[in-house]
Each structure stands twice: as structure tokens, then as C-alpha cells.
Amino acid sequence: MQAIQDKEGVKRYLITLYVNGDSYTRVVKANTLLVNVLRDELDLTGTKKGCELGDCGSCTVLLDGKPVNSCLVLAVEADGHEILTIEGLGENEKLDPLQEAFIANAALQCGYCTSGMIMSAKALLNSNPNPTEQEVREAIAGNLCRCTGYVNIVKAILSCAQQPEGGSE
Amino acid sequence: MYLPDFDYIAATSVAEASRLLASLGPEAKILAGGTDVLPMMKQETIAPKTLVSITRLDGLKAISLEEGRGVVIGALCTHNEVMKSSLLQEKYLSVCETAHRMANNQIRNIGTIGGNITNAVPSADFPPILIALGATVTLQSNSGSRSVLLEDFFTGPRQSVIRQDEILTEIVIPVNGFNGSTYHKFGLRRSGALAVVGVAVAVVMEGDLCKDVRIALGAVAPTPIRAREAEALLRGKEINDALLEEAGKLAAAASKPISDMRGSAEYRRDMVRVFTRRCLRKAIDQGHV
Ligand SMILES: Cc1cc2nc3c(=O)[nH]c(=O)nc-3n(C[C@H](O)[C@H](O)[C@H](O)COP(=O)(O)OP(=O)(O)OC[C@H]3O[C@@H](n4cnc5c(N)ncnc54)[C@H](O)[C@@H]3O)c2cc1C
Ligand code: FES
Ligand code: FES
């Protein structure tokens, strides 16, 4: 990673992020957080900021396929890595099945937790297409929702689980 | 919430990291997962001038069985990597279970076992079970490498024997014959909560006979501690329920908990009694083959 020092002696770093399949090269400072690059530099404001301390999960994105809190990842640390945000789900105008399921199950009220919630659920379904309710609850344990009481969120995620072979429906 | 300014250097080797730490002094800190360092910097509890990132040191990311040494866990293994390691699941499931009970999925994907230890927070979850299993840590600097028994690593809250220029590179669980072990954590929530009380037990059982036992307590003293009187009571004895209850009382007496928003000292002490008994029962049943 290239570091550049300006006349005032401030060091900046040239980083490349692969976000939702596109590559972006940006100049950031050491203290720039991934969440702020996404929101402020790339205009991907679907990723939210709540606690900014790793507790609430509203900033959840997938880093190389794994859910992480983008408020606790330095932009310089994400250099060269693949990032998937809520904007990267679905294709063209078509929503991702998880997004459809959240709507169909009324799994959101204010919606602030929703993008993080869906990213955690996405990672779960990618690695485990047919999770149990317990596994769903565990996967979203780092995503706090102040509105829904979680019941419909769990229902929505379970409705996207692959039907086991020979299953009904 | 923004981070204050600091300089960032990505180390490309342990030697380079050690050299940087030595030359920059106490104002430089290692950055591993950052799940502890970054929240503290945001809250202005600490203000390091430089973060030396070790996250690109891929040599510290493996979990392996080494002839004559035991199970070696690289310091940069994340909690989820520890949890999912098939080697650990086979050899020390209790360590995987400990990882599983920590933080939440997002934090488990970036927080490292080395950071959890070096941080030296009394409530940290990995130290009790690793102490019970007799683990050592390897501390490496440009003046050499030393192995320290994890039990002797901690000297106080957020204090340990690690020197400014040292990097914790690995955790070693030696071959030790323990055939039962477990860690029980009492937190205020099932997920994302620190331990109010943590108890770890490892035993060597031969039928009903307890050949060896180690009990380690977390979150109830300035550092994780061993409950040696309780261990001595059980060692060499045929186990029965009355003995386990007595061991729980001795472990509670060994604890020196504080009262805080998560629980009173009295409550913590009594939970040590209950959890010690439960952990012993579980570890003994595992070892009872
Ligand atoms: C929401 C949340 C929940 C949490 N829940 C838990 C929990 O349930 N249980 C628990 O035990 N902890 C918990 N933690 C604390 C934290 O996640 C862990 O302690 C984690 O393991 C720290 O590792 P890290 O790699 O992120 O450390 P960092 O923040 O990178 O570093 C921690 C400290 O160790 C030093 N350091 C790190 N690695 C090394 C090394 N290899 N050599 C020398 N020095 C090093 C750093 O300089 C720093 O001082 C939680 C944190 C958050 C934010
Ligand atoms: S904003 Fe990142 S976890 Fe709350
Ligand atoms: S819908 Fe409002 S926080 Fe979850």
C-alpha cells in the first residue's frame, strides 16, 4: 500500500477496495474507517452507523464473505479486500429474496437495523442454506433491533432457507 | 464517533514489528483485530501515536499439531477460526465452545485470540480455559523468543509481563493427558456480553479417580487465577457430589471479586461456587470413560 505525505506532513494511503464487484481506488488517512469510506466517499449510505463501537451491527458488511462491523475496520486494513454492502444485493431493479422476504414478513419498522440484519442473514445463508431457527438467531445476535422484537426477522430469514430435499411446498 | 489521528504502519514480518515497537516506544501499539484498540481510541481511553498492524503476518494464522509441542494456535486466529478448527474440535472442544460464547459473529470474525490474551482484561474469555489446559504463550522480539506459562503472563488488569518490543506469536497447549475440560461463562446476555464470572476446569480422570485437576477463574480477581485449594481437595480422590460442593466453596473463597454494574462481589463469589461445581461435573463426566 502506497503512503503519500503532503506538505503539512499528513500521511495518506492509496487503497483499492472491491465493493459490490467494482474496484475503487481512494486516498484515505490512517484513521479513516471503512464505514466512512463507504458512506462518504462511495455514497453507499445503505450501511448505517449506530453505536460505532461494535455493539449494534447496523454497520455490518461482508468482508471477503464474512460479516464484520465496518465501524471497527480501518479503511487501510480493507485494502485489496472484497466488500459486499446492502447495495450489492439483488440484480438491477430486482430485490434479493431476503429483501423481498423482509417486506413480505413485515420484518422492519424504522428500518435502521435492516441493512445490517440482511447482511448477517446473507452470510448465514451463503454458508448454511438451510439453517435452524437457533442458527438464525445466533447469526443475527450481533444485530440489534429496537423495533420489531425479532420474531418477524427470524421468520423472514427462515422463509429464505432452501427447502430440504423432498420437503413440502 | 471519529478516531483521533495516528500513524499507521503495516508490518511485513514479526522482526519488523518488533523493531518498530522498540524504536517508537510506548506510544506505539500493535493492531490485530482492533476490536479492543479501536473502541478505546474512539472513547479516548488510549491515544497511541502509531498503530503497527500485524494483520498481514499470515504465518500467525495457523492452528496445527506439532510433534513434541502440542496444539499450536497462531496469535492472529480469529475467534471464529478457533471455533471452526477441526483439530481443536477434536482435541479441545472446550476451547471451541469458549470461542463460540464470545462477543457476536461480527466481532468473532475479526477479534483475535492473541489480542484477547494480550489485552489482559480480567473478564476475557480465553485465558481461564487456556490456563486450565496448561497453555503457554510465545513472546517474540528481536532480542529473542521466550515461552511463558499463561498463568504467569498476567500481572494486573490490562497488565502483563509482555515487553514493549515483544509480539505474542502463538499459544501452545501441551500434550497433558487431560480427558475432560470445559468453560462456563455467566454473562448478562447470551451474546455480546462480557463474563461476570468465568470458570474453567480441566481434569485427568481414571474411572472415578481424579488423577489431576486444574480450576481457573476469570472476572473475579485482578487477573485470572487458579483455585489451588479446591484442586488439592480433589486430586487423587474418588469423586462424589459432596466433594464437588466443597471444591466449589473453596474456589469461591479463593476469588476476590469486585462489585460493579454487572454484579455484586457477593453474587459473583456465590456464582463461582455454583459454576465450579457444574464445570467439575461436566469435565468429570467427559473424562469418565
Ligand atoms: C461488542 C464487543 C463484544 C466483545 N465481547 C467479548 C467477549 O464476549 N469476551 C471477550 O473475552 N472479549 C470480548 N470483547 C473484547 C475483544 O473483542 C477481544 O478481547 C478480542 O479478542 C481482542 O482481540 P483483537 O485482535 O481485536 O485485539 P486488538 O484490539 O487488535 O488488540 C488488543 C490489545 O492487544 C495488543 N495485541 C493484540 N495482538 C497482539 C499480539 N499478537 N502481540 C502483542 N500485542 C498484541 C494490542 O496492542 C492491544 O493492546 C468484545 C469486544 C466488543 C467490541
Ligand atoms: S455502528 Fe458499527 S456496530 Fe454499531
Ligand atoms: S426496524 Fe427499527 S431498529 Fe430494527
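Just a few scattered comments:
- A straight chain from residue A:100 to residue A:45 at 0.36 nm per residue would run longer than the Cα-Cα distance by 17.8 nm.
- Only one residue of B:180, B:224, B:209 has its Cα farthest out toward the positive end of the dipole of the range B:172-285, where Lys and Arg carry +1 and Asp and Glu -1 on Cβ, and that residue is B:224.
- For residues of A:132-144, the mean tally of beta carbons on other chains within 10 Å: 3
- Peptide A:69-77 - average C-beta neighbours from other chains (10 Å radius): 6
- Above-threshold pairs, the threshold being 25 Å between Cα atoms, out of A:66/A:155; B:91/B:185; A:155/B:42; A:49/B:185; A:49/B:61; A:155/B:91: A:155/B:42; A:49/B:185; A:49/B:61; A:155/B:91
- Distance between the pseudo-spin-label points of residue B:253 and residue B:189 (7 Å out from Cα toward the beta carbon): 3.9 nm.
- In the range B:88-195, Rg over Rh equals 0.96, where Rg is the alpha-carbon radius of gyration and Rh the Kirkwood radius from pairwise Cα distances.
- Here chain A is treated with +1 on each Lys and Arg Cβ and -1 on each Asp and Glu Cβ, and its dipole about the Cα centre works out to around 520 debye.
- Helical runs (DSSP H, four residues minimum) scored at -39500 (n - 2.57) apiece and divided by the length of chain B put the mean residue ellipticity at 222 nm at -9500 deg cm²/dmol.
- Efficiency of FRET between residue A:87 and residue B:245 - r from beta-carbon atoms, R0 60 angstrom, step 0.05: 0.55
- Largest-first ellipsoid semi-axes for the range B:47-109, taking √(5λ) over the Cα gyration tensor eigenvalues, angstrom: 23, 17, 9
- Over the range B:180-288, equivalent-ellipsoid semi-axes from the Cα gyration tensor in Å: 24, 14, 10
- Take A:36-44, B:235-243, A:84-92 and order them by the average number of nearby Cβ atoms within 10 Å per residue, most first; the result is A:36-44, A:84-92, B:235-243.
- For a straight C-alpha distance cut-off of 19 angstrom, the lysines reachable from residue A:94 (same-chain residues fewer than eight places away being disregarded) are A:122.
- Dimensionless Rg over Rh [the protein assembly as shown; C-alpha; Kirkwood]: 0.99
- Note on chain B: Rg/Rh from Cα positions, Kirkwood definition for Rh, rounded to two decimals, is 0.98.
- Dimensions of the range A:1-43 based on its C-alpha atoms, expressed as ranges along the principal axes with the largest first, amount to 34, 17, 12 Å.
- Each residue of the range A:97-159 gets 69 Å³ once the volume of the Cα convex hull is shared out per residue.
- Percent of Cα pairs in chain A per distance bin of 5 Å, from zero to the largest separation: 1, 9, 17, 20, 18, 13, 9, 5, 4, 2, 1, 0, 0, 0.
- Within the range B:218-289: Cβ-based charge dipole about Cα centre, in debye rounded to nearest 20 (Lys, Arg +1; Asp, Glu -1): 180
- Three principal axis extents describe the C-alpha atoms of the range A:1-91; from largest down they are 42, 29, 20 Å.
- Relative contact order, whole percent, for the range B:58-173 stands at 27, derived from Cα pairs under 8 Å and 6 or more residues apart.
- Selection of GluC sites (Glu not before Pro), the range B:46-100, meeting DSSP coil and at most 13 other Cβ within 10 Å: B:67
- Exercise: per-residue mean of other protein chain Cβ atoms within 10 Å, B:4-11: 5
- Cα-Cα separations in the range B:7-53 greater than 18 Å, expressed as whole percent: 24
- Across the range B:73-88, coupling constants 3J(HN,Hα) worked out from phi with the 6.51/-1.76/1.60 Karplus curve, θ = phi - 60°, read 10, x, 4, 8, 5, 7, 4, 5, 5, 4, 4, 8, 5, 5, 4, 5 Hz, and Gly and Pro carry x.
- Virtual spin-label span in nm between residue A:14 and residue B:87, 7 Å along Cα→Cβ: 3.9
- Under the Karplus curve 6.51 cos²θ - 1.76 cosθ + 1.60, θ = phi - 60°, whole-Hz ³J(HN,Hα) for the range B:245-252, x wherever Gly or Pro sits: 4, 5, 4, x, 5, 5, 5, 4
- Approximate spin-label separation residue B:142-residue A:23, in nm, with each point projected 7 Å along Cα-to-Cβ: 3.5
- Spin-label proximity, residue B:261 to the range A:26-67 - amide N less than 19 Å from point 7 Å beyond Cα toward beta carbon: A:50-57
- Residue B:67-residue A:128 FRET efficiency (beta carbon distance; Förster radius 35 Å; 0.05 resolution): 0.50
- Under the criterion of Cα pairs below 8 Å and six or more residues apart, the relative contact order for the range B:7-53 equals 57 percent.
- Normalised by the number of residues in chain B, the mean separation of alpha-carbon contacts (under 8 Å, six or more apart) gives a relative contact order of 15 percent.
- Ordering of B:266-279, A:69-82 by packing [mean C-beta count within 10 Å, highest first]: A:69-82, B:266-279
Each value in this text was obtained by applying a stated rule to the coordinates, not by laboratory testing. Quick caveat: nothing in here was measured; it's all calculated off a predicted structure. For neighbour counting, all protein chains shown are included, and Cβ atoms are generated from backbone atoms with ideal geometry for every residue, glycine included.
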